[in-house]
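Have a look at the structure below before the remarks.
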Amino acid sequence: MAKESWIDRLSAEPAVAAALAIFIVSAATLAGAWYFQLVVGLPPCPLCLEERIPYHVIIPLSLLLAIAAAVRAPAKLVAVGFAAITIAALGNVVLGSYHAGVEWHWWAGPTDCTGPLTDLHAGGSLLNSLQSIHIVRCDAAAWRFLGISLAGYNALISLALAAIAGFGLSARKPG
């Protein structure tokens, strides 16, 4: 009898495969965000930082979910995990789409990164204050590829993660 390969095992366990795919894609996405920040030198805006939060939930949850599905944990537990990932990813689709719309000037963004400077009468030297403050604007895309900004790619990747989680939810056999 031939030894079963890891590909055969993953095809026999679609919930494990879905959870591992979510883990790999989300970890790669967060690593890419850090690459653009630390290596390329594109500082994130406040909305960019908020878009990273769901990945801090999805990454460990998907790894735990892969382990749970591999050891055949109760189907309801695995279903709750995939549902939580789906909700987090769809929330990030909304946030990424909102951010992309702000970049395209379809709607106004948050005032802390798109509005005019306020409270100029707070005292002190205005010139010194302006020279020491660097606000990364949410309404200016720092980088685009094929006309899509990083926020747009985040929305697309999050949509794919939600679809994979939906597949994992539907593929889980009761047991």
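Only the coordinates and a few stated rules stand behind these numbers; no lab work does. Because the structure is a prediction, the values reported are computed rather than measured. Counting neighbours? That spans all protein chains shown, and the Cβs are built from the backbone with ideal geometry, glycine included.
The table below gives the values:
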| quantity | calculated |
| --- | --- |
| Qualifying residue in region 47-65 (condition: closer than 30 Å to PRO110 by Cα and outside any helix (DSSP H, G or I)) | no |
| Scope region 33-57; condition touching a residue at least 60 places away in the same chain (Cβ under 8 Å) and under 18 Å from ARG144 (Cβ atoms); matching residues | ALA33, PHE36, VAL40, LEU42, PRO43, PRO44, CYS45, LEU47, CYS48, GLU51 |
| Every residue from region 58-73 that is without any contact (Cβ under 8 Å) to a residue 60 or more places away in the chain and among the β-branched types (Val, Ile, Thr) | ILE59, ILE67, VAL71 |
| Members of region 43-57 that are closer than 16 Å to VAL94 by Cα and within 13 Å of the chain's Cα centre (by Cα) | LEU47, CYS48, LEU49, GLU50, GLU51, ARG52, ILE53, PRO54, TYR55 |
